[in-house]
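Single-structure report; data block below.
The values are calculated or read from the model by the stated rules, or taken from the named source; none is laboratory data. Only a predicted model underlies this, so the values are computations on that prediction, with no experimental measurement involved. Positions of Cβ are generated from backbone atoms using ideal geometry, with glycine treated the same way; all protein chains shown enter the neighbour counts.
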Amino acid sequence: MALLEVQGLEAQYGWTKVLHGLAFTVEEGGITTILGANGAGKTTALRAVCGMVRTRGEVRFEGRSIAGRATEDLVRLGIAHVPEGRGTFVNLTVEENLRLGAYGRRGAGSGEDLGRVYQYFPVLAERRRQLAGALSGGEQQMLAVARGLMARPRLLLLDEPSLGLAPLVVREIFRIVRTINREQRVSVLLVEQNAAIALRLADHAYLMETGRMVMSGTAADLREHDTVRRVYLGY
Amino acid sequence: MDILLQQIVSGLATGGIYGSVALALVMIYQATDVVNYAQGEMAMFSTYLAWTLLNAGLPYWVAFGATLVISFVGGLLIERIVIRPVEGAPVLTIVIVCIGLLVILNSIAGWIYSYIQKPFPSPFPSRPIQIGNIYFGAHDLGALGVTLVVLAGLYVFFRFTTLGLAMRAAAQNPVSSRLCGIRVGWMLAIGWGLAALVGAVAGMMVAPVVFLDPNMMAGILIYAFASATLGGFTSPGGAVLGGLIVGVIENLAGTYVHFIGTELKLTVALALILVVLLVRPSGLFGRAAIHRV
């Protein structure tokens, strides 16, 4: 069953339409990626799913319509959004950032969740008392993913986690995302510009151009596709 | 020497009040980027409420507690009803709304209670307290104590509770806060409620000294601005410390610099604002505002 189902999604900033009837699905348990160049509307697609921009169209999560729901409700439904640019609270400590990730499930003890994310990201455990702003870019991205995980989501939305990071760090983060996906049964929707690494991680992939999906298939299929190879993988 | 110590303690007492109002200003400023010019009038109105409750025969501390609760709810409602509709508006619009609120609250207070000064009781004995060879005003010490207790309570709330953490997060990064499931609008409203509560404490502590009238907070608001400017508008702790420093400087200048006396005291605060803005605009503990362009 599709965990997330999007149909005819439109979004606009002011008078400028950015999404033109976008349609895609995220299968339960898998990793789906949306590829595309800068400005294709990938980030907007994620923001539209989370009600952060004015949108029209159908968004279903676990079969229920969530279009028009307030952003702050979605995390309670089980969607954790790790935004572009990480969105860490730079003046709060690492552990405070993580505790905020669990805010949506108040009453539930977050102690064991902290232990769980520290297992995946040992470097955060070492720096738990430091201000998030003092972390390196890679560590901040790890913190952002870890914060999303604190909500015990069913679906993790990752917006361009590789942005501005060294290749080695990106590989490390993607390895952890894969582990989390397998062990915690968290489905992942990954938006990426870096097609090579995204296609290595994902099961299913979409290619987006100027607000529309122009191609979809298994990650292996897209990797072999001529246009994708030439334009996005560069060989 | 004795006079110096007395003046310092007395300065700390008024400084605590300036610091409280400054803290209320900073709390709202950090959450909404707006200076709440109506902060003083909100405190004045709270003090009139306390006066009404006391006149109805309630014991002092019961009236005190009830006033805090009413002020909190009042501040919350003001944010929801008056500020919310202009939330995304340009800063100037919100400033005008705050000034409007100032005028309205001032006029309503004058209309209900008249502009004639009223005495306001102090919960502390009128006999000075002797420590060693020095006599301290009991109200000075008491007011300082009450202020410090309230500030400590706020510190604990913001530092150690989940709600306090969520409020700090909402002030820093509203977008990420929403993604964490925090209802940012309510956090702002609670912030206004807390600011109103802190202001109410300041009003009730200063009213026995300056007497109760609709304009009683006007001067204090200027001292509070000086305090917040000195400590840094981005630093809650700095605002409180700034208040204490301003209170002491004001008192010492009034006592020891003869041409200042009581008449020119307010000028000290204004001069301080000017000097700080010229020399170190971000204040002692504030961070310089950095905007992406």
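On the stretch given as region A:37-64, residues that are within 14 Å of chain B (Cβ to nearest Cβ) and in contact with a His (Cβ under 9 Å, 6 or more places away or on another chain) total 5.
Give region B:166-178 a look and list any residue that's more than 22 Å from the chain's Cα centre (by Cα) and within 7 Å of another protein chain (Cβ to nearest Cβ), or say none. Within region B:166-178, B:166, B:169, B:173, B:175, B:176, B:178 qualify.
For region A:69-105, a residue qualifies if it is surrounded by 18 or more Cβ atoms within 10 Å (Cβ to Cβ), facing chain B (nearest Cβ under 7 Å) and within 17 Å of the chain's Cα centre (by Cα), and the qualifying residues are A:71, A:72, A:75, A:81, A:83, A:87, A:101. Against the test of being surrounded by fewer than 22 Cβ atoms within 10 Å (Cβ to Cβ), of a type in the set (Gly, Ala, Ser), assigned to a helix (DSSP H, G or I) and at pLDDT below 95, the options A:198, A:220 yield a single qualifying residue, A:220.
This table checks each residue for (1) within 14 Å of chain A (Cβ to nearest Cβ); (2) at pLDDT below 95.
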| residue | (1), (2) |
| --- | --- |
| B:91 | no, yes |
| B:95 | no, yes |
| B:114 | no, yes |
| B:119 | no, yes |
| B:125 | no, yes |
| B:143 | no, yes |
| B:161 | yes, yes |
| B:180 | yes, yes |
| B:196 | no, no |
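Got at least one residue in region B:207-215 being within 14 Å of another protein chain (Cβ to nearest Cβ) and among the aromatic types (Phe, Trp, Tyr)? No, because not a single residue in region B:207-215 is within 14 Å of another protein chain (Cβ to nearest Cβ) and among the aromatic types (Phe, Trp, Tyr). Does residue B:169 qualify as being in contact with a Leu (Cβ under 6 Å, 6 or more places away or on another chain), buried (at least 20 other Cβ atoms within 10 Å of the Cβ) and either part of a helix (DSSP H, G or I) or among the hydrophobic types (A, V, I, L, M, F, W, C) (or both)? Criteria met by residue B:169. In this structure, does residue B:230 turn out to be free of Cβ contacts under 8 Å to residues at least 12 places away in the same chain, not in a loop (DSSP other than H, G, I, E, B) and not polar (S, T, N, Q)? Answer is no for this residue. Restricting attention to region A:125-144, does a residue exist that is facing chain B (nearest Cβ under 10 Å) and either free of Cβ contacts under 8 Å to residues at least 60 places away in the same chain or not in a strand (DSSP E or B) (or both)? Yes, some residue in region A:125-144 is facing chain B (nearest Cβ under 10 Å) and either free of Cβ contacts under 8 Å to residues at least 60 places away in the same chain or not in a strand (DSSP E or B) (or both).
So, residue A:148, is that one assigned to a helix (DSSP H, G or I) and either of a type in the set (Val, Ile, Thr) or in contact (Cβ under 8 Å) with a residue 60 or more places away in the chain (or both) or not?
So residue A:148 passes the test.
Within this structure, residue A:151 passes the test of being in contact with a Cys (Cβ under 8 Å, 6 or more places away or on another chain) and either at pLDDT 95 or above or under 28 Å from residue B:167 (Cα atoms) (or both).
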